[in-house]
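The structure under discussion appears below in the form of structure tokens.
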Amino acid sequence: MYSDTTADQEEKNNYLNHSKGIKSWLTSLDHKRIGVMYLFSILIFFLVGGIFALIVRTELWGPTKTFIDANTYNQAFTYHGTIMTFMVILPLIPSAIGNIILPMQLGAKDVAFPRLNLISYYVYMSGALLAVVTLFVGRVDTGWTFYTPYSIRTGGATILVLAGAFLMGFAAILTALNFIVTVHKLRAPGLTWSKLPLFIWCLYATNIIQMLATPVIALTLMLLTFERLMGIGIFDATLGGDPVLFQHFFWFYSHPAVYIMILPAMGIINEVIPVFSRKTIFGYGGMAVAVFGIALVSFVVWGHHMFTSGQSETANFIFSLITMFVAVPTGIKMFGWIATMYQGSIRLDTPMLYALSFLFVFLVGGLTGVFLATLPLNVHLTDTYFVVAHFHYTMVGGAIMAFLAGLHYWYPKFVGKMYLEIPARIGCVLTFVGFNVTFLPQFVMGIRGLPRRYYDYPPEFTQLNQVSTVGSFLIAFGLLWTFLFLIISAYKGPKAPRNPWGANTLEWQTSSPPYHENFETQPIVTKGPYDYHS
Amino acid sequence: MSHTQTTPGKHHFAHHFKDAHHEFDSCKVGMWLFLLQEVLFFAPLFVAYSLFRSTHPEAFLEASHLLNWKLGAFNTAVLISSSFTMALGVNAAQRGLHRKTVKYLALTILFSIIFLIVKYFEYTHKIHAGLLPAGMFSHPVQHDKTPIFFSIYFMMTGLHGIHVLIGIGLIFWIMMRAKNEEFGPEYFTPVELVGLYWHFVDLVWIYLFPLLYLIR
Ligand SMILES: [Cu+2]
């Protein structure tokens, strides 16, 4: 179907070589280029956050001091947590992959407000750099949760990190606003709400959470800043305030934030599983509604982080009960994916391998979440390694596995080359094995009562800790391997066709890499996103 | 981006919209979403207010009496007037009456500056009397939670004041554009959006005034 001339034209006029030079990238209003800039920036922060994780794990090789002192250790886990949540996992799928894919799946030329999109990127970057610069001007040791009163009193450049998180939150709000308007206003002709790809539904639900929850944390961090600057006392018991109020505000954002991380991940899985099973997604409507069910419930469960904070027994009971309801829509999604694969013709390409890894780790993460929602168990497990293992299974296992699924799935579209299949599969297996070796032992340590965040531990935990540390280096190796081969593929990979996976969504109808304005002509939608047989 | 298209009128709309109306509609949805997140941005302060007021009503009663309700009422009237002139300005812009637009926007700026001047005198008086956020509070009071009221007072009115300042900047910007005769029936999006923002800022004050000044 492609004559030489179209191939020539694609070669000349795609978004990567539409204009040249570093400045044409830094000032580009093209959503695809902005997405690529997010992707590279976030991956660099991912590397930094990962190095801190390895520092923490290395220190925990044995009880007492291994190679750094206790204060440095506290700083290391603070930077690991802060960088990974605020700079990496929160923006990873929406701002990087979403920026590139969302307008294309809608059949639009760009997001609704391209200039705002670029501004958001720079707001995000200035926030991120403000937080990272504290490494050199007085480090922070509050943990990523900034709990009062410790965060009011401890030294270091806490205010800079707070300001950084504030700016990154603002960037997230602007991006979310931009995407919501785009989904409402820029859908291609024929692309009705009931024909939207589920990735869009998931991003849309994510954006609503981002818009409604992020302002709360932004103001809370601002109050904490003023608490440090002039002692406003709202969160400070010595001045008549209430430190637990900080926890309420913090988790009112940070619980929904967990879904800012996981809903876009689910969105990617929604795309990958039907394509590689050659089957229509099972229960499209239910899958879309479930996402909004999760988003809705996510706003009213924050108290499950505070069962031991002294909040009332009634509140504990209610929060515990509602938290269990999260399992219902999540279960619907799990069964929907499994039913989609049932009797499908499954191809185990790398994106599908990552999707299957996602299903496994997310199942473990989700089920242990129900354990933690159970009041009596929670009191035993609060602030132990069980919690650490649980949220790594959901956030790292869930979000990162899905991100890698999406990165490989859309790699041909982004780069115009196919990734090298065999090394990519090896990378997936390494990461998956490393992940489980790292975090399964932490469940055991947590049940046996080992508290999180401690520098030292009783000697009987040495073996399990060492297994965990070995696993963490295996993850690092797997990820470095994966990204190394992704870079090699950009040069050595075979040229990608328009639609290597035979998918139905609109981004596959344009060239790989796409044109500067996405499509040659305005696409018109006539069939559903997962309609493979008509 | 240089890829703009021309409509029969003057205004150029961005390349990814169908027409100028499509662009206007999208911008308006965006602004409403922005205001929605603004509500949640102010929300924690209102929650903190409700929490401390419900647990310590006597302290809030005492503190409220230390505020000058007459100045607050005057400022409320000033801001409502500014909302009125803003609405007139938007209307004039829609009808392409450039000089009227400039006049009404200038009046709006004048009102908001009066608001800030009054606020300045209120603040200096509070500062001299030691009615400051809890950590620096030095005024003799009966209830030990009264300083917390002033923390909330300064945070709420301060945050609102910053919004007023930003608003003045925005109104000044569209006033300059109106002077260049950029707006008319074809294109008045920025005026409309700044108008929405300004009404929101006024609305916040309309809640703040009774909550802070009128506890009896
Ligand atoms: Cu939670």
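The numbers here are math on the coordinates, done by the rules we state, and not lab data. No experiment lies behind these values; they were computed from the predicted model shown. No Cβ is skipped: glycine too gets one built from the backbone with ideal geometry, and neighbour counts run over all protein chains shown.
Numerical summary
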quantity	calculated
Inter-label distance, nm, simple model (7 Å from Cα along the C-beta direction), B:V29/A:L440	4.8 nm
Amide H within-cut-off set for A:T384, under 5 Å, with H built and near neighbours excluded	A:R452
Chain B - Rg over Rh from alpha carbon coordinates, Kirkwood radius	1.09
Lys pairs under 18 Å by Cα in segment A:27-525, provided they are eight or more residues apart or on distinct chains	12
Footprinting exposure proxy for A:L363, A:L484 (fewest neighbouring C-beta atoms within 10 Å first)	A:L484, A:L363
Estimated FRET transfer efficiency (A:E421, A:L363; beta-carbon r; R0 25 Å; 0.05)	0.45
Residue exposure sequence - B:T101, A:T85 - by fewest surrounding Cβ within 10 Å	A:T85, B:T101
Charge context of B:H199, other residues only, Cβ under 12 angstrom, K/R +1, D/E -1	-3
Tensor-based shape of segment A:486-531 (alpha-carbon gyration tensor, a/c under 1.5 rounded, otherwise prolate or oblate)	oblate
Under-5 Å amide H pairs with B:F13, H placed in peptide plane, nonlocal only	B:Q5, B:T7
Computed E for A:I322/A:T64 - FRET, C-beta separation, R0 45 angstrom, nearest 0.05	0.60
Label-to-label distance, nm, for residues given as B:H139 and B:F172 (7 Å Cα→Cβ offset)	3.2 nm
Shielding by partners - mean other protein chain Cβ count within 10 Å, residues of A:232-244	6
Isotropic mean projected area of the C-alpha convex hull, chain A (nm²)	24.2 nm²
Whole-Hz couplings from phi, Karplus 6.51/-1.76/1.60, listed for segment A:174-187; x for Gly and Pro	5, 4, 4, 4, 4, 5, 4, 4, 4, 5, 6, 10, 10, 6
222 nm mean residue ellipticity, helices alone, for chain A (DSSP H n ≥ 4; -39,500 (n - 2.57); rounded to 500)	-22000 deg cm²/dmol
Sorted peptide list for A:172-179, A:268-275, A:427-434, criterion being average Cβ within 10 angstrom, highest first	A:268-275, A:172-179, A:427-434
Partners for B:K126 among lysines (Cα-Cα distance below 27 Å; same-chain residues under 8 apart left out)	B:K70, B:K145
Peptide-level mean, for A:175-184, of C-beta atoms on other protein chains within 10 Å	3
Calculated FRET value between A:T374 and A:F299, using beta carbons and R₀ = 35 Å, to 0.05	0.95
Cβ-defined net charge surrounding A:T340, 12 Å radius [Lys, Arg +1; Asp, Glu -1]	+2
Residues with amide H under 5 Å from that of B:G184, placed H, sequence gap 5 or more	none
Peptide A:108-115, shielding by other chains (average Cβ, 10 Å cutoff)	4
Sequence of A:E507, B:E38, B:E186 once ranked by neighbouring C-beta atoms within 10 Å, starting from the fewest	B:E186, B:E38, A:E507
D (Stokes-Einstein, µm²/s), Kirkwood Cα radius, segment A:437-534, 0.890 mPa s at 25 °C	133 µm²/s
